[in-house]
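Below: the structure, in structure tokens.
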DNA sequence: CCGCGCGATGTAATCGATTACAATCCGAGA
DNA sequence: TCTCGGATTGTAATCGATTACATCGCGCGG
């Protein structure tokens, strides 16, 4: 049993060639004659050689890793996206380093400790927030070219962004409810500072206006995408004197707990009130009644983001600045919407 | 604006010291005199210096990264654990590299490509399966010392393992149901080859026997922890001529869809049938009725696993071989259990 | 006053792979 | 026959930090 890992020199010795030849066999096999290549591969197998990544990284000034910033890793919506990002990057020889950006100061830290010291080649962030400090640090090291937003984004930084068509999704919701006959529609929004919350809220207001609906300010409730927020919103909305007949929740999690709270308060869904979510998490199909919602193509979002980043890492980025790709959305009609009472 | 990142040599020049001194300021500040240390830190700030990880890794033969193998990244149960693993490791200067072990051949690949070439220092696996090839590869490179199981485990490899007290959790479930008066209890198990499924199923049978319950083989249904499996199990169990009055599902996801399917088939929970889950995912508290279940300390599991690994990376492992730590579980009584009809 | 020991710092070897440049060989064309 | 070009392979510099060892200076006991 060997004490130490074999190095390229050992392989070269066994194969009877130089270290340069071994290295070339690894990185550009075409440049070697067939017999030499074979000798080297045999030697690699017989010695059990493995390239030392640290050495390779040092020399090539690459890291072979990508940072993925996730706001709240525990949220299943994000982890599905992470999963598909991981698949694509792994298939292309990149490792995925994850960081939870909700950790206090984690985002700064992650960027500082991983990006600037060269331990990652690029970054995909699912978090639309990017502090000035982080942004400037990235810019000053020319790393801005290797950052891609996914799902969320920030208008402050001109960066490529893969996102669902939130405007369309919202319009589909409003149109669906209006078609059913609803004219009093509430909206449980995401947190105020969130770009998705903002876009969906604005699209909701616009679409309602187009249909000539009169939306009371009381019907717009701010949430935070979480389960708890849906329940709280239900209490507020059901307590209103002029109660809406339908609710558009900006996330499935909120829609879910909204419905639960309605049931607990003796309000039937969809008979008394219709509810629509956003995301189409797996559970939406497995509740009773099934949740009517907007499907986001989570694996597509992750895949596209990973591919966009890969293209940039290869130096193929066509467009400079912001390059926005919209992933498709679709209305999935299930059982939580019906005609108003 | 600088073209290139400053290196240690540049800092040394600015500070008027040698590179060795700068390096020492970074890694063992105590060994420097106060004024020198100050000079170096000033120079580091003024140059904007960042250590090059690849170079450091090469020299120190460390990677500063840990691999986490997750079966199905999209599963929120795992992502919560991943999140706490991440917190602990990040706080200790390690990056977290994730891999989805469900990718075909990914597990082998991940270990081969990351572990053996030195790009990670250790591994936490949430997947109880470890192929012979992987295990032997780890052993042959002395990497076995730096592997920790979390949640799931394998008896084949004598490795430290952090797990919930599955036996106790299962006993709590059975005792609870028996105390309510149930004597005909079904079990929706996990997949056959899964260690958690096996342990819970066995504990279930044993505890039922202790209570003198006669469990029909028809009442033991194999699932796979997923939402779909719960619905299918419900169909099978409700169709039985001799129907059980309570069901213990090996995961909350299965319990949830089991209940949904019951409702769809006109069977009331808990009036007609009681249901208990396992995990206590966040949603369990937000459904109606609330899901009675066994709480697993997900963040504790992740934290303990990370700490165990850190101890081993520091070379502090006390015990050789298998070191099992049990995380506490607790019965959370909500609304899906009641006395039998 | 000498020399020992210790703390602080510098010099240079080292980690292991990549790659610019040089050397060699071989066949084709003049 | 000689030269030129291309394909193949070797030599050695290089990436940037760490650290063994050497050096220096200083205080203190003998």
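A compact table of results
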item	result
Nearest 10 degrees, 0 to 90: helix B:76-91 Cα axis against chain B principal axis	20 degrees
Relative contact order (%) - the range A:1-155, alpha-carbon pairs under 8 angstrom, separation at least six	19 percent
Order of B:202, A:201 - criterion: other Cβ atoms within 10 Å of each residue's Cβ, fewest first	B:202, A:201
Relative contact order computed over chain A (Cα-Cα under 8 Å; 6+ residues apart), in percent	16 percent
Residues B:100, B:30 arranged by fewest to most Cβ contacts within 10 Å	B:30, B:100
Cα centroid separation, the range B:1-58 to the range B:108-159 (Å)	36 Å
Shape category assigned to the range B:166-297 from the gyration tensor of Cα positions, a/c cut at 1.5	rounded
Kirkwood hydrodynamic radius of chain B, from inverse mean 1/r over distinct Cα pairs, in Å	22.7 Å
Teacher prompt: residue A:240 distances to equivalent labels in other copies, 7 Å Cα→Cβ, nm	4.8
Helix axis angle, A:298-313 relative to chain A longest principal axis, alpha carbon, degrees	40 degrees
Copies compared at residue B:168 - label distances in nm, ascending, label defined 7 Å from Cα in the Cβ direction	5.2
Rg and Dmax [Cα atoms of the range A:37-137; Å; Rg one decimal, Dmax integer]	17.1, 54
Fraction of alpha-carbon pairs over 35 Å apart in the protein assembly as shown - percent	51 percent
Debye-sum result for the range B:118-216 in log10 I(q)/I(0), which assumes one identical scatterer on each alpha carbon, at q = 0.12, 0.13, 0.25 Å⁻¹	-0.51, -0.57, -1.27
Extended-chain gain in nm, criterion 0.36 nm per residue less alpha-carbon gap, residue B:198 and residue B:180	3.9 nm
Estimated distance in nm for a label pair at residue B:20 and residue A:92, the labels positioned 7 Å out from Cα along Cα-to-Cβ	4.5 nm
Calculated label separations, residue B:136, copies of the chain, 7 Å along the beta-carbon direction, nm	5.7
For B:236, A:312, order by how many other beta-carbon atoms lie within 10 Å, fewest first	B:236, A:312
Rg to Rh, two decimals, where the range B:8-51 supplies the alpha carbon set and Rh follows Kirkwood	0.90
Counting DSSP beta bridges with both ends in the protein assembly as shown, the antiparallel % (nearest 5)	15 percent
Relative contact order, percent, the range B:217-260 [alpha-carbon distance under 8 Å, six or more residues apart]	51 percent
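Since every read-out is calculated from the coordinates, none of them should be taken as a lab result. These figures come from a predicted structure and were not determined experimentally. Methodologically, a virtual Cβ is constructed for each residue, glycine included, from the backbone with ideal geometry; neighbour enumeration extends over all protein chains shown.
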